[in-house]
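Below is one structure, written out as structure tokens; the observations come after it.
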Amino acid sequence: MYIHFIALDCPQETGFTQERTHGIIDFLFLRFHSKTTLILGDKTYTLTKPCMFLIDSNTPYKYFSTGDKYRDDYLHFAAENRQQFLSELTFPLNTPIYNSDDSAISDILRLIYAEHTAKNRLAAKSIDLLIRCLFVKVSEIWLQSQQLNTSVPHYFDLLQVRNTLLASPERSWKVEELAELAHLSPSYFQVTYKKAFGVTCMTDVINAKLEQAKLLLTSTELPVSSVAAEVGYTEVYHFIRQFKKSTGMTPGTFRKKANF
């Protein structure tokens, strides 16, 4: 492994934005500690809790702070054998991995940083082993989250319902409709849905609408009122309120910042 750049716990000023329209060479490991919006390829993520990504080479990305303070860690590195490195990963690239207890990740990153800055005779070997250790730990976190999900009763029925509602953000879903799709009572459906995915079904409905709205705001010139209608809002002011609550900014401000 070869490190291009590494920085830990980097603070940035309010309004911070980072963009790479063609991505970067090699791999980028990013860990966000603050509220952030990340546009990665054709997907937009609103990050409100600690989150990690391993971004593949040449993947366009842009991220910007949606809070008063911003902090992140980043590791830009190359793998000597790209195909072998990818074959050893057991978590997906370009996908958010959430971790409430990230002390182990912090410890490994600090060791990598220390080896990189010390320039000891065997630093390269240590760095190679530590980066592999880092992604073993990330894999462990990812696999644990997947196992927890699949242990929930009716998980695959719930997953099918979730995929259906996420694919149809323009619909005004009701709990009763979604529960019927899963062949469960509304009350039991709501409890098991939250156990499976960590959010309520109606939060997913709202988030699906807002994610589609972000895509329209950044890829079209539709006015905000039309964007609201496209994602199923009958009242534009209700759309603006929910959008601002989620992202920390109005749809108009989000569009300006994303297209800056």
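Here the chain is described by how far its Cα atoms reach on the three principal axes: 64, 44, 31 Å, from widest to narrowest. Charge dipole of the chain (Cα centre as origin; +1 on each Lys and Arg Cβ, -1 on each Asp and Glu Cβ, all else neutral): 480 debye, rounded to the nearest 20.
Give me the distance between the Cα centres of segment 19-51 and segment 208-244, rounded to whole Å. First find each Cα centre; the distance between them is then 22 Å. How many angstrom separate the Cα center of segment 155-196 from the Cα center of segment 57-79? Here the two parts' Cα centres lie 33 Å apart. Once all protein chains are placed together, Ile97 keeps about 10 Å² accessible to a 1.4 angstrom probe.
Once the Cα-Cα distance is subtracted from the 0.36 nm per residue extended length, the Glu176 to Ala124 segment shows a gain of 12.9 nm.
Placing pseudo-labels 7 Å out from each Cα toward the beta carbon at Glu13 and Lys194 gives an inter-label distance of 4.2 nm. What shape does segment 1-150 take by its C-alpha gyration tensor, where a ≥ b ≥ c are the square roots of the eigenvalues and a/c under 1.5 counts as rounded, a/b above b/c as prolate, and the rest as oblate? Here segment 1-150 falls in the rounded category. Charges were assigned to the Cβ only: +1 to each Lys and Arg, -1 to each Asp and Glu. The resulting dipole of segment 77-130 about its Cα centre is roughly 280 debye.
Between His22 and Glu88, take the C-beta separation as r, use R0 = 35 Å, and let me know the FRET efficiency to the nearest 0.05. For R0 = 35 Å, the calculated efficiency reads 0.85. For the chain, the longest principal axis of the Cα atoms and the long axis of helix 155-167 meet at an angle of about 80 degrees. Working from label points 7 Å from Cα in the Cα-to-Cβ sense, the Gln146 to Asn163 distance is 1.5 nm. Placing a label point 7 Å from the Cα of Ala104 along the Cα-to-Cβ direction, the residues of segment 130-167 whose backbone N falls under 16 Å from that point are 130-148. In the chain, helical runs assigned H by DSSP with n ≥ 4 each contribute -39500 (n - 2.57); averaged across all residues and rounded to the nearest 500, the mean residue ellipticity at 222 nm is -15500 deg cm²/dmol. Here the spin labels are modelled as points 7 Å beyond Cα on the Cα-Cβ line, and at Thr203 and Asn58 they lie 3.8 nm apart. For Lys125, the aspartates and glutamates whose Cα falls under 20 Å of its own Cα, not counting residues fewer than eight places away in the same chain, are Asp26, Glu80, Glu88, Asp107, Glu115. Accessible area per residue (1.4 Å probe, heavy atoms of protein chains only) ranks Ser139, Ser103 as Ser103, Ser139, with the largest value leading.
The values are calculated or read from the model by the stated rules, or taken from the named source; none is laboratory data. None of these values were measured; they are calculated from a predicted model. We place every Cβ from the backbone using ideal geometry, glycine too, and count neighbours over all the protein chains shown. Side chains included, ligands, DNA and RNA excluded: accessible areas come from the protein's heavy atoms. Shrake-Rupley method; radii C 1.70, N 1.55, O 1.52, S 1.80 Å.
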